[in-house]
Amino acid sequence: MKKVTLVASLLMAGLCSSVTYADESLDKALKSDFRQAKNASRDVYRHPAETLRFFGIAPTQTVIELWPGNGWYSEILGPYLAKEGHYIAASFETAPATDTPGNRYRANAGTKYAAWMTANKDALGNATIITFDPPYKMDLGADGSADLVLTFRNLHNWASADQLDNVFAASYKVLKDGGIFGVVEHRANEGMSLSTGYMNQTSMIDLAKKVGFTLVETSEINANPKDTKDYAKGVWALPPSFGLGDSDKEKYQAIGESDRMTLKFVKKSS
């Protein structure tokens, strides 16, 4: 019994050291001057430390972020994973086949993001960028190669293009057995239209289960009870978009960013 207790104690000590190391590394990334001040100021709404720890991130992992946009989370994830892990940004198509306002916006954002990645190689280590353009370019990497796939406030975009099933399936495919799919998204009230930018939480859980994921846990880390979700411009009335311009801007600033679901799924071995 004493021998078992000693082994258990040593294992626990090792686990605690690992967790402490991961937490210290994440705290360092969050507090780094590498982050733009305007981005760090949004931590009060986006809770990156709590969110990433909820998803079980570690500095040795391979982490794919779907559509990182302007790189808000990239400023944290890139340096955090630079030494021992691998950050993969699954970014926008920069040379779309058709010229639409949406494609033009994404191409411009994707080009700027790629330039940012190139300019910051020293801080980002072996971080890489791939093109993710559902349904045309869906390859996120070798099957079973990623520890985490993360997406922040993107589901409504893929839903509008009728691509959510494809995105969830691609995420499942690239994850290792035991890998985590982490989702943060604007959360709808029952019966709300997709055009508002908010998504139904139960429907998102059901879709993840449909492609093979198991729900581990939901969190209220990014909940915002002040978000009444009844604005003329939908979620885009709120910061940081302020889609209504100066109209009632103080009101929307006081509400803050949207009420969000935070969902953690796992790919279990069959």
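Assorted remarks:
- Within region 112-130, the set of residues being open to solvent by 60 Å² or more (accessible area, probe 1.4 Å) and among the polar types (S, T, N, Q) comprises THR118, ASN126.
- Condition broken by ASN39, with the remaining ones in (1) open to solvent by less than 10 Å² (accessible area, probe 1.4 Å); (2) closer than 17 Å to ASN120 by Cα satisfied: (1)
- Region 93-111, residues that are in contact (Cβ under 8 Å) with a residue 12 or more places away in the chain and buried (at least 16 other Cβ atoms within 10 Å of the Cβ): GLU93, THR94, PRO96, ARG106, ALA107, ALA109, GLY110
- Qualifying residue in region 228-237 (condition: of a type in the set (S, T, N, Q) and within 21 Å of the chain's Cα centre (by Cα)): no
- Residue, farthest from LEU26 (Cα to Cα), within region 71-95, restricted to residues that are out of contact with any Phe, Trp or Tyr (no Cβ under 7 Å at 6 or more places or on another chain) and among the polar types (S, T, N, Q): THR94
- Of all residues in region 141-166, those that are hydroxyl-bearing (Ser, Thr, Tyr) have Cβ atoms under 7 Å from Cβ atoms of residues that are open to solvent by less than 20 Å² (accessible area, probe 1.4 Å), 6 or more apart or on another chain, in SER145/VAL174; THR151/LEU66; THR151/VAL183.
- Residue list for region 157-168, restricted to those being of a type outside the set (Ser, Thr, Tyr) and either on the phi > 0 side of the Ramachandran plot or open to solvent by 10 Å² or more (accessible area, probe 1.4 Å) (or both): ASN157, ALA159, ALA161, ASP162, GLN163, LEU164, ASP165, ASN166
- Complete set of residues in region 190-218 that are among the hydroxyl-bearing types (Ser, Thr, Tyr) and surrounded by fewer than 18 Cβ atoms within 10 Å (Cβ to Cβ): SER193, SER195, THR202, SER203, THR214, THR218
Let's see how each residue does on (1) aromatic (Phe, Trp, Tyr); (2) in contact (Cβ under 8 Å) with a residue 60 or more places away in the chain; (3) under 21 Å from VAL216 (Cα atoms):
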| position | (1), (2), (3) |
| --- | --- |
| TYR45 | yes, yes, no |
| GLY56 | no, yes, yes |
| GLN61 | no, yes, yes |
| TRP72 | yes, yes, no |
| GLU75 | no, no, no |
| PRO79 | no, no, no |
| LYS83 | no, no, no |
| TYR87 | yes, no, no |
| SER91 | no, no, no |
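- Every residue from region 135-153 that is surrounded by fewer than 21 Cβ atoms within 10 Å (Cβ to Cβ) and in a loop (DSSP other than H, G, I, E, B): PRO135, TYR136, MET138, ASP139, GLY141, ALA142, ASP143, GLY144, SER145
- The residues of region 148-185 that are farther than 15 Å from PHE265 by Cβ and aliphatic (A, V, I, L, M), listed by number, are ALA159, ALA161.
- Identity of the residue in region 242-268, touching a Phe, Trp or Tyr at 6+ places or on another chain (Cβ under 7 Å) and closer than 16 Å to ILE221 by Cβ, that ends up surrounded by the most Cβ atoms within 10 Å (Cβ to Cβ): PHE265
- Filter pass, GLY234 being out of contact with any strand residue (DSSP E or B) (no Cβ under 6 Å at 6 or more places or on another chain), surrounded by 15 or more Cβ atoms within 10 Å (Cβ to Cβ) and on the phi > 0 side of the Ramachandran plot: yes
- Hits in region 42-74 - residues which are open to solvent by 20 Å² or more (accessible area, probe 1.4 Å), closer than 23 Å to ALA146 by Cα and among the hydroxyl-bearing types (Ser, Thr, Tyr): THR60, THR62
The values are calculated or read from the model by the stated rules, or taken from the named source; none is laboratory data. If you're wondering where the values come from, they're calculated on a predicted model, not measured in any experiment. Please note: Cβ atoms are built from the backbone with ideal geometry, for glycine as well, and neighbour counts cover all protein chains shown. Just so you know, the surface numbers come from the protein's heavy atoms only, side chains and all, with ligands and any DNA or RNA stripped out. Shrake-Rupley method; radii C 1.70, N 1.55, O 1.52, S 1.80 Å.
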